[in-house]
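K.L.:
My questions all concern the structure below.
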Amino acid sequence: MIIKLELFGATRDFSDKDFLDFDLQDKSSIDDLRNEIIKYIEKNFQGNKSFIKVVKSSAFCSENNQIISDNYKITKDQKIGIIPPIGGG
């Protein structure tokens, strides 16, 4: 499945576009997506600890603009937003 990760706030520094694409296995979870984002940061930003911290503390939202939990199963190609904490919280 192709997941278009929409970047907001501090996560916009992860790309020169406002999104990243990830190819995930069917029925992957948000936790799996979070781990793929961390792998992307390790590869492309030499493991930038600040970026990893942002990913670990971010929330995710569905195409319907609903906050989704780490165990939410992704079953189709879709857009998912990553919502970083504001003000370092």
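The values are calculated or read from the model by the stated rules, or taken from the named source; none is laboratory data. Please read these numbers as outputs of a predicted model, since none were measured by experiment. Backbone-built Cβ (ideal geometry, glycine too); neighbour counts: all protein chains shown. These area figures cover heavy atoms from the full protein model, side chains too; ligands, DNA and RNA do not enter into them. Shrake-Rupley method; radii C 1.70, N 1.55, O 1.52, S 1.80 Å.
K.L.:
Being on the phi < 0 side of the Ramachandran plot, at pLDDT 95 or above, touching a strand residue (DSSP E or B) at 6+ places or on another chain (Cβ under 7 Å) and not small (Gly, Ala, Ser) is the requirement here; does ILE30 meet it?
P.N.:
Details: on the phi < 0 side of the Ramachandran plot: yes; at pLDDT 95 or above: yes; touching a strand residue (DSSP E or B) at 6+ places or on another chain (Cβ under 7 Å): yes; not small (Gly, Ala, Ser): yes.
Taking the combined requirement at face value, the residue satisfies it.
K.L.:
Quick check, is LYS17 of a type outside the set (Phe, Trp, Tyr) and either exposed (fewer than 11 other Cβ atoms within 10 Å of the Cβ) or in a loop (DSSP other than H, G, I, E, B) (or both)?
P.N.:
yes
K.L.:
While we're looking at this one, here's another question. Quick test of your reading of the structure: ALA10 fulfils all but one of (1) surrounded by 18 or more Cβ atoms within 10 Å (Cβ to Cβ); (2) modelled with pLDDT under 95; (3) in contact with a strand residue (DSSP E or B) (Cβ under 8 Å, 6 or more places away or on another chain). Name the failing condition by number.
P.N.:
Result: ALA10 passes all but (3).
K.L.:
What pairs can you find where one residue is in segment 58-82 and at pLDDT 95 or above, the other is in a strand (DSSP E or B) and of a type in the set (Asp, Glu), and their Cβ atoms are less than 6 Å apart, with a gap of 6+ or different chains?
P.N.:
LYS79/GLU6; GLY81/GLU6
K.L.:
Given the structure, is LYS53 in contact (Cβ under 8 Å) with a residue 60 or more places away in the chain, open to solvent by 90 Å² or more (accessible area, probe 1.4 Å) and outside any loop (DSSP other than H, G, I, E, B)?
P.N.:
When the stated conditions are applied, LYS53 does not pass them.
K.L.:
Among residues belonging to segment 60-71 that are in a strand (DSSP E or B) and under 16 Å from ASP32 (Cβ atoms), point out the one that is least open to solvent (accessible area, probe 1.4 Å).
P.N.:
Pass one, segment 60-71, residues in a strand (DSSP E or B): 60-61, 67-68.
Adding the requirement that they be under 16 Å from ASP32 (Cβ atoms) leaves 60, 68.
Details: PHE60: 1, ILE68: 20 Å².
Among those residues, the one meeting the criterion is PHE60.
K.L.:
In segment 35-50, which residue that is surrounded by 12 or more Cβ atoms within 10 Å (Cβ to Cβ) and among the polar types (S, T, N, Q) is farthest from LEU24 (Cα to Cα)?
P.N.:
The selected residue is ASN48.
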